[in-house]
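Asks: Once you've had a glance at the structure underneath, I'll fire off some questions.
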Amino acid sequence: MTLETTGRKRKLKRLFRARRRPVTLGDVVRSGIPFDCGLALRLLAVSVKPEWTSGYRFHVAYRVGEDDGQVWLVRVADGRLVTVTDGGDPTATATVEAPSCAGLLAHLTRTEPPAEGPTTVAGDPAAAASLARWFDRAQGFKVL
């Protein structure tokens, strides 16, 4: 591919320099662009390497809104790809509940949450924490 330019090349260099860093999910959330929570969970799930899940077997439900809100189930199955399906499961190991999609996206990406209320975890906090650590690791956050 070739690129032809006219005028000052300095502007072109600035553009290429800016493109070096990939756009992250956090960048999208901070931009204010509407983004689907189910898609965000699926993107994070495929970013988790199967070897990270070795020895773990659980599923975490992510719920947005009240009883009639949206629910996704994230399944972890001992060394396999993490999967996300629509709908909950009453036997989920843990449930992460957010007041809105924006609240859940902020929780997943460590960005500033909206002022509408906290995201809460019910059930087994260790399962939710393990999944959160893998999601953080997949996004390049420092994980302890």
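Asks: If you take the residues of segment 103-122 that are surrounded by 15 or more Cβ atoms within 10 Å (Cβ to Cβ) and free of Cβ contacts under 8 Å to residues at least 60 places away in the same chain, which of them is nearest to residue 44 (Cα to Cα)?
Replies: 107
Asks: Then there is this: Can you pull out the residues in segment 59-102 that are β-branched (Val, Ile, Thr), buried (at least 17 other Cβ atoms within 10 Å of the Cβ), out of contact with any Phe, Trp or Tyr (no Cβ under 6 Å at 6 or more places or on another chain) and not in a loop (DSSP other than H, G, I, E, B)? Full working, then the answer.
Replies: The initial filter retains those residues of segment 59-102 that are β-branched (Val, Ile, Thr), namely 60, 64, 71, 74, 76, 82-85, 91, 93, 95-96.
Of the ones still in play, those that are also buried (at least 17 other Cβ atoms within 10 Å of the Cβ) are 60, 64, 71, 74, 76, 82, 84, 93, 95-96.
Those left that are additionally out of contact with any Phe, Trp or Tyr (no Cβ under 6 Å at 6 or more places or on another chain): 60, 64, 71, 74, 82, 95.
Scanning segment 59-102 gives 60, 64, 71, 74, 95.
Asks: Determine the pairs where a residue that is among the aromatic types (Phe, Trp, Tyr), located within segment 40-57, has a partner that is crowded, with 18+ Cβ neighbours inside 10 Å and not in a helix (DSSP H, G or I) with Cβ atoms under 7 Å apart, the partner being 6 or more residues away or on another chain.
Replies: 56/76
Asks: Turning to a different aspect of this structure: Does residue 80 satisfy the condition of being farther than 25 Å from residue 30 by Cβ and touching a residue at least 12 places away in the same chain (Cβ under 8 Å)? Before you say what the answer is, go through the steps one by one.
Replies: Numbers: farther than 25 Å from residue 30 by Cβ: yes; touching a residue at least 12 places away in the same chain (Cβ under 8 Å): yes.
The answer is yes for residue 80.
Asks: With modelled with pLDDT of 95 or more and among the charged types (D, E, K, R) as the only criterion, which of 30, 42, 17, 8 stands out? Spell out how you get there, then give the answer.
Replies: On the way: 30 fails: modelled with pLDDT of 95 or more; 17 fails: modelled with pLDDT of 95 or more; 8 fails: modelled with pLDDT of 95 or more.
Step by step, each of 30, 42, 17, 8 is checked, and only 42 is modelled with pLDDT of 95 or more and among the charged types (D, E, K, R).
Asks: Still on this model: I'm trying to understand the selection: among the residues of segment 111-144, which are outside any helix (DSSP H, G or I) and within 22 Å of residue 24 (Cβ to Cβ)? If you could, list the steps in order and put the result at the bottom.
Replies: Filtering segment 111-144 for residues outside any helix (DSSP H, G or I) gives 111-124, 139-144.
Selection gives 111, 112, 113, 114, 119, 139, 140, 141, 142, 143, 144.
Asks: If residue 30 satisfies all but one of (1) over 15 Å from the mean Cα position of the chain (by Cα); (2) part of a helix (DSSP H, G or I), what's the number of the condition it fails?
Replies: Exception for residue 30: condition (1).
Asks: Mind listing whichever residues of segment 21-35 are closer than 15 Å to residue 140 by Cβ and of a type in the set (S, T, N, Q)?
Replies: Within segment 21-35, just 24 meets the criteria.
Asks: Based on this model, can you work out whether residue 133 counts as within 27 Å of residue 22 (Cβ to Cβ), surrounded by 13 or more Cβ atoms within 10 Å (Cβ to Cβ) and among the basic types (Lys, Arg)?
Replies: Details: within 27 Å of residue 22 (Cβ to Cβ): yes; surrounded by 13 or more Cβ atoms within 10 Å (Cβ to Cβ): yes; among the basic types (Lys, Arg): yes.
So residue 133 fits the description; yes.
The values are calculated or read from the model by the stated rules, or taken from the named source; none is laboratory data. None of these values were measured; they are calculated from a predicted model. Methodologically, a virtual Cβ is constructed for each residue, glycine included, from the backbone with ideal geometry; neighbour enumeration extends over all protein chains shown.
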